[in-house]
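The values are calculated or read from the model by the stated rules, or taken from the named source; none is laboratory data. Quick caveat, the model's predicted, so the values are computed rather than measured. All Cβ positions, glycine included, derive from the backbone under ideal geometry; neighbour counts span all protein chains shown. Note: accessible area is taken over every heavy atom of the protein model, side chains too, but ligands, DNA and RNA are not part of it. Shrake-Rupley method; radii C 1.70, N 1.55, O 1.52, S 1.80 Å.
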Amino acid sequence: MRRLAVPSLFQHLRRPALTALSAVALLVASGVMTGAGTPAARAQALPSLGDGSGMTVAAERALGDSIARSIYRDPDYLDDPLLGDYLQSIWQPLLSAARSRGDVDPELADRLAWELMISRDRTVNAFALPGGYLGVNLGLLSVTETPQELASVLAHELSHVSQRHIARMISQQDRQAPWLIGAMILGALAAKSSVDAANAAIVGSQAVAAQTQLNFSRDMEREADRVGFGVLTTAGFPGEGFVSMFDKLQQASRLNDDGGFPYLRSHPLTTERIADMKARLPLVPARPVGPVLQAAATVTPDQEIHTMMSARARVMAENGPDRLQVWLRNGQEAKAGLGARYAAALAASRLGRHDQAEQLAAQVARQAGPAGQRHAEWLQLEVGLTALQQRGRSTPSAEWLTWRDRALASGTRAGLLLGAQAALASGVPREAAQRLHGWVIERPRDALAWQTLSRAEMAQGQRLRSVRAEAEARAAQLDWPGALERFRAAQALPAPDRSADPVELAIVDARAREMDQKVRELARKN
Ligand SMILES: [Zn+2]
């Protein structure tokens, strides 16, 4: 097998048509990363599960970073703060539970990314990548009906990471070349975007070769189920989540519908798997919610919020005009539930029917209970924002301004980013900039917050701060050359802009030197 040079692949990856995240999903689904169902996988089950030797945590993280860097640039990569916060409300308790159980030791907690990346892909899939990055498709969010169903899939994938399955799999395959799998993943991504069919065929055959060699064993799948179940229930989610998710997948497979359920191909449902999970249920101490969940979650996962976020994912995954009309029609029926109504409001907004969107969003607010009120208000803010942006000079209502200010002050990422957009659209960039500035100081890896801050600073004529924020957004997505280029652009601003803020300029100079260093390191590694 020919070794691929990573630098040339990165050049391929800059092509705009690339949909790397879905390609990764495809690879995972076809068994490169998490598949256990192929005959090859069954034939060569790995001998020892307890052995974490081989690839170091640092090497796995570096490999994961290089894959993440490509995914951030992919048009299929989606940073929707509302869906992101909802996923975090499930993910953080799981992570805390895994730490309290000792599945994730302090070193692993500290050195891996533990980052969820949403893909616009509407197929049902979630997948662990090297370095603690996890992909979650919109299709998975759409199809799950309860927080615990979603949590069960995330707990399973988390356990592939905590048990170091990827590192073990990679080192098992090729101890001399831990970068090989990264090159293969990136190679397959490049092939997907390439118009050069011959080239694609070459890389494709390597992906096929990888597929026969790199599979999670059935033992690893069983371990991810077992550990995942413990993580799920320790976090306070009902263990039934695993069983109902399995039932859902089983129904899909009976309908021969696994084209939309790649998760089924990487996680074939054996009667043994299902029986094993059902057998564990009586062993779990009775609910209610465990202490870990209460301590860790900023938003307690709630059925109403799940229903709304699942509806949001459905609309975002399938948003062609025909589909939007269907969402709109369904949500207008008298008996429409909360999810259908939410989807309809969003669909109407996207179709440019702003009055209808606002009416439907108001209905959502009336229909939602106390737990769903904040999301209903954010929906009203969002559809009003779209109306404001598209209609131009209309004046926002006093009610809408209240929603905007409450969102900005909510202390949540979703509220802040939505509120900041609303502030920008309604001519108060200063409020947005102040809040965002405080936020990124605490969370420098929040690229979208930096991007929004950049717009808020520009709207106030603060060019140096704006260009610096743009540079930080690129650095947050591990794009060192892009960040360096923007920091240098900030240094090259005309004198009035540059000298307006000496402190900011000193930061820009220091950050430019840091980025320069990182670009050189990256060049050396490649
Ligand atoms: Zn698995």
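Might you check whether a residue that is open to solvent by less than 50 Å² (accessible area, probe 1.4 Å), outside any helix (DSSP H, G or I) and at pLDDT 95 or above occurs anywhere in the range 430-445? I'd like the intermediate steps shown before the answer.
Of the range 430-445, the ones open to solvent by less than 50 Å² (accessible area, probe 1.4 Å) are 432-433, 436, 438-440.
Checking the rest, the ones that are also outside any helix (DSSP H, G or I) come to none.
Within the range 430-445, none of the residues are open to solvent by less than 50 Å² (accessible area, probe 1.4 Å), outside any helix (DSSP H, G or I) and at pLDDT 95 or above.
Which condition breaks for ARG465 when tested against (1) open to solvent by less than 40 Å² (accessible area, probe 1.4 Å); (2) closer than 22 Å to TRP439 by Cα?
(1)
Given (1) crowded, with 21+ Cβ neighbours inside 10 Å; (2) at pLDDT below 95; (3) of a type in the set (S, T, N, Q), where does SER349 come up short, assuming only one miss?
(2)
Testing SER454 on (1) under 21 Å from SER70 (Cα atoms); (2) under 25 Å from the mean Cα position of the chain (by Cα); (3) crowded, with 22+ Cβ neighbours inside 10 Å, one condition comes back false. Which one is that?
Evaluating SER454 over (1) under 21 Å from SER70 (Cα atoms); (2) under 25 Å from the mean Cα position of the chain (by Cα); (3) crowded, with 22+ Cβ neighbours inside 10 Å leaves (1) as the failure.
Can you name the residue in the range 253-288 that is modelled with pLDDT of 75 or more and away from the ligand (no atom under 14 Å from the Cβ) and, of all such residues, is least open to solvent (accessible area, probe 1.4 Å)?
So the residue we want is ILE274.
Just the residues that are open to solvent by less than 40 Å² (accessible area, probe 1.4 Å), in a helix (DSSP H, G or I) and without any contact (Cβ under 8 Å) to a residue 40 or more places away in the chain, please, taken from the range 398-414.
If the condition is that a residue be open to solvent by less than 40 Å² (accessible area, probe 1.4 Å), in a helix (DSSP H, G or I) and without any contact (Cβ under 8 Å) to a residue 40 or more places away in the chain, then TRP400, TRP403, ARG404, ALA407, LEU408 are the ones that fit.
Going by what's in this entry, would ALA347 be described as touching a residue at least 12 places away in the same chain (Cβ under 8 Å) and over 21 Å from LEU78 (Cα atoms)?
When the stated conditions are applied, ALA347 does not pass them.
Any chance you could count how many residues in the range 125-161 are more than 17 Å from PHE229 (Cβ to Cβ) and open to solvent by 10 Å² or more (accessible area, probe 1.4 Å)?
So the count comes out to 3.
Just need a number here: residues in the range 488-526 that are open to solvent by less than 70 Å² (accessible area, probe 1.4 Å), of a type outside the set (D, E, K, R), outside any loop (DSSP other than H, G, I, E, B) and over 22 Å from GLN477 (Cβ atoms).
3
Within the group GLY230, GLY204, which residue is modelled with pLDDT of 75 or more and more than 13 Å from the ligand (Cβ to nearest atom)?
After ruling out the rest, the residue left standing is GLY230.
What do you reckon, is PRO481 in a loop (DSSP other than H, G, I, E, B) and either in contact with a strand residue (DSSP E or B) (Cβ under 7 Å, 6 or more places away or on another chain) or at pLDDT 95 or above (or both)? Steps first, please.
Details: in a loop (DSSP other than H, G, I, E, B): no; either in contact with a strand residue (DSSP E or B) (Cβ under 7 Å, 6 or more places away or on another chain) or at pLDDT 95 or above (or both): yes.
So PRO481 does not fit the description; no.
Return the only residue of GLU382, GLU377 being open to solvent by 20 Å² or more (accessible area, probe 1.4 Å) and in contact with a Phe, Trp or Tyr (Cβ under 8 Å, 6 or more places away or on another chain). Write out each step before concluding.
Working: GLU382 fails: in contact with a Phe, Trp or Tyr (Cβ under 8 Å, 6 or more places away or on another chain).
Step by step, each of GLU382, GLU377 is checked, and only GLU377 is open to solvent by 20 Å² or more (accessible area, probe 1.4 Å) and in contact with a Phe, Trp or Tyr (Cβ under 8 Å, 6 or more places away or on another chain).
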